[in-house]
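Contents: one structure, followed by commentary.
Nothing in this text is a laboratory measurement; each read-out follows from the coordinates by a stated rule. A quick note: this is a predicted structure, and the numbers were derived from the prediction, not measured. All Cβ positions, even for glycine, are placed from backbone atoms using ideal geometry, and neighbour counts span all protein chains on display.
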Amino acid sequence: MKTITIAIDGFSSTGKSTLAKQLAKHLGYIYVDSGAMYRAITLFAMENGYITKEYFDVDSLNNSLEFIKLHFEFNANLGFAEMYLNDRNVEKEIRTIEVSNFVSKVAEISQVRAKLVEQQQAMGKDKGVVMDGRDIGTVVFPNAELKIFMTASSETRAQRRFDELQAKGDAVSYEAVLKNVQERDYIDTHREDSPLVKSDDAIEIDNSYLNKQEQFDAVLELVEEVMNS
Ligand code: CDP
């Protein structure tokens, strides 16, 4: 069986990371959450006062990029790799609605994207990787053997993210989550550099009515087809 690269792209909260983690575990592949990297840079920008509701000091962020060190560390208890920003575990902090509210603005910056795409390509150079994000099949791994594009209605996605945040004890309203999902969809699909688009050779999966197991089974069939071809 061939060792392949699996690229999973799609809108926010479509269950990309759930699927990617299941596949990586099943196949013994590395899972890379590219969104976590954009979120970590966003947290850095927030902590340094470069981005607030009122303004965004893009130059200062760009000038600081060389001082931002990102790495993932596998946590055996959780079963996935956690995000580290300058050697600090930021896995929890990067998932808050505050970071979500700024991340798509940070992800529009070409210098930020160039830095992260280079790191992502290095992580996948030996294949055997499942990476999820917005530009994985189009920009990071245009030659990936399997590309999946995930969709679901914005209400379904907001409800999923709301449930997730509530379970973590994050006091946030459904309306705020829906607004965030819709705003990020807009920015992510309209930005100039690497917008979220379905690659021509990606297979689209609308999982509005699929549970996790059904979704996994459907994609695993595709994976096995590609691996055996
Ligand atoms: O998990 P969720 O769907 O909320 O998003 P994420 O994968 O954590 O990504 C957060 C944000 O990072 C997205 O809304 C994009 O603005 C940006 N992103 C990107 O531009 N390119 C990627 N490859 C991954 C994320």
Quiz prompt | Volume per residue that the Cα convex hull of segment 85-185 spans, once the total is divided by residue count, Å³ | solution = 132 Å³
Practice problem: Could you tell me which of the pairs LYS25/LYS115; LYS69/LYS115; LYS115/LYS147; LYS16/LYS92; LYS16/LYS127 are separated by over 21 angstrom between their Cα atoms in the structure shown? | Solution: LYS25/LYS115; LYS115/LYS147
Self-check item: Cα gyration tensor shape of the chain, rounded if a/c is under 1.5, else prolate or oblate by comparing a/b with b/c
Solution: prolate
Quiz item: What does the charge dipole of the chain about its Cα centre add up to, to the nearest 20 debye, if the Cβ of each Lys and Arg holds +1 and the Cβ of each Asp and Glu holds -1?
Solution: 320 debye
Self-check item: Cα shape, segment 29-161, gyration tensor, a/c 1.5 rule
Solution: rounded
Quiz prompt | Mean Cα-pair separation over length for segment 118-228, i.e. relative contact order, pairs under 8 Å, 6 or more apart, % | solution = 35 percent
Quiz item: What order, most packed first, do the peptides 196-207, 218-229 have when packing is the mean number of other Cβ atoms within 10 Å of each residue?
Solution: 196-207, 218-229
Quiz item: Which whole-number percent gives the relative contact order of the chain, counting Cα pairs below 8 Å spaced six or more residues apart?
Solution: 34 percent
